[in-house]
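Working notes, beginning with the structure itself.
The values are calculated or read from the model by the stated rules, or taken from the named source; none is laboratory data. Computed from a predicted structure; not experimentally measured. Because the Cβ atoms are built from the backbone with ideal geometry, glycine has one as well, and the counts that use them run over all protein chains shown.
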Amino acid sequence: MSIAAPLVVALGLSLVLTPAARRLAVHLDLIDRPVARSSHDRPVPTGGGVAIFASFWLTTLVLQWPPSGPLLGILLGSVVLLGVCIADDKIGLPAFPRLAAQVAVGLIAYAWGVRIIQVENPIHAWAGNEYIFMGMLELPVTVLWIVAVINAVNWLDGLDGLAAGVSSIAALTLALVSASGGHALMVVVPVAALAGSALGFLRYNFPPASIFMGDAGAMFLGYMLACLSVTGAVKGPAAVVLLVPLLVLGLPIYDSANTILQRVRQGRPIHQPDRGHLHHRLRDSGLSTRETILLMYGIAGLLCVIALGVWLR
């Protein structure tokens with residue numbers, strides 16, 4: 001299955017739907033007003049997540065109807081997550097309901113077959129089998145992965161175009177891996193559609209952004225990348241299980257892990273916002289917004305090239 005059709009269809013839909021989502025966000029007063037840690041200095045509509053969601057699922061469901069198995073569970077979970085995130089963008093939810101929603105959608109995905117069953121044993125050349133089976137840890141490891149990636153991408157959404165661009169690069173890499181591995185439509189179509197949806201939105205989100213994706217977009221992208229990266233996209237006899245998605249998502253994972261460690265060392269709650277993220281530090285070092293974004297695109301792209309090299313090996 002070629003990645004071209006879902007990529008182009010989703011990109012076109014996103015280009016059309018994003019301006020409509022912007023008008024709807026203004027009507028519903030879904031506006032991000034700047035605060036002290038903001039990178040923007042004017043109110044900006046935050047309805048972009050709805051456009052990304054709609055572009056992705058319209059493309060995926062048209063090209064792959066009816067949804068079944070893991071894809072059906074991912075659909076159900078994404079609908080729940082979208083509703084919670086729109087409420088969060090509108091009124092601002094506390095940390096616990098947000099985390100509870102992330103765990104819930106992780107459980108939904110797991111129940112429909114999104115599962116990390118095994119990981120490669122890094123010392124199998126010297127001891128043990130090639131793969132370590134999760135066994136009883138399968139459920140908590142899978143849900144933890146989904147929650148971690150959701151938050152990693154959400155935390156990356158701190159500069160215009162950053163989360164959309166990095167997610168586009170990651171999804172496109174997974175699409176190439178999926179297509180080269182000869183995987184079924186269930187894998188190739190969604191990852192290619194995700195790349196197209198994010199790229200189309202990026203047209204309006206690259207600085208200076210005329211619309212933000214909000215939590216509804218950032219958490220949706222994180223959820224989809226987390227689920228699709230372990231749902232056949234990189235599985236196969238030559239794959240290094242989990243290493244490819246870890247590399248593809250290496251930038252947001254590093255940023256979130258480093259931020260959590262900093263907050264723990266400073267004795268602050270890990271959910272408390274600050275300017276400790278990598279993009280904040282790069283901006284504070286003197287780089288412009290565009291320079292920071294392009295540098296982080298480059299880092300993400302390099303990690304994805306390495307991931308492709310691992311896969312082709």
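Inside region 205-235, residues that are surrounded by fewer than 24 Cβ atoms within 10 Å (Cβ to Cβ) and under 12 Å from residue 46 (Cβ atoms) make up a count of 2. Taking the criterion of being touching a Pro at 6+ places or on another chain (Cβ under 9 Å) and not in a helix (DSSP H, G or I), the residues of region 188-226 that qualify are 210, 211, 212.
Check whether at least one residue in region 178-188 is under 28 Å from residue 309 (Cα atoms) and touching a Ser or Thr at 6+ places or on another chain (Cβ under 6 Å), and report yes or no.
From region 178-188, those under 28 Å from residue 309 (Cα atoms) are 178-188; that's our starting set.
Now narrow it down to the ones that are touching a Ser or Thr at 6+ places or on another chain (Cβ under 6 Å): 187-188.
Yes; the residues of region 178-188 include at least one that is under 28 Å from residue 309 (Cα atoms) and touching a Ser or Thr at 6+ places or on another chain (Cβ under 6 Å).
The C-beta contact set for region 242-259 (first residue under 24 Å from residue 271 (Cβ atoms), second residue among the aromatic types (Phe, Trp, Tyr), distance under 6 angstrom, 6+ apart or interchain) comprises 256/155. Of all the listed residues (28, 72, 15), the sole one being closer than 23 Å to residue 150 by Cβ, surrounded by fewer than 23 Cβ atoms within 10 Å (Cβ to Cβ) and out of contact with any strand residue (DSSP E or B) (no Cβ under 6 Å at 6 or more places or on another chain) is 72. Would you confirm whether any residue within region 119-135 is assigned to a helix (DSSP H, G or I) and either at pLDDT 95 or above or exposed (fewer than 13 other Cβ atoms within 10 Å of the Cβ) (or both)? Yes, some residue in region 119-135 is assigned to a helix (DSSP H, G or I) and either at pLDDT 95 or above or exposed (fewer than 13 other Cβ atoms within 10 Å of the Cβ) (or both). Note on region 42-66: among residues that are out of contact with any helix residue (DSSP H, G or I) (no Cβ under 7 Å at 6 or more places or on another chain) and within 27 Å of residue 207 (Cβ to Cβ), the one that is modelled with the lowest pLDDT is 42.
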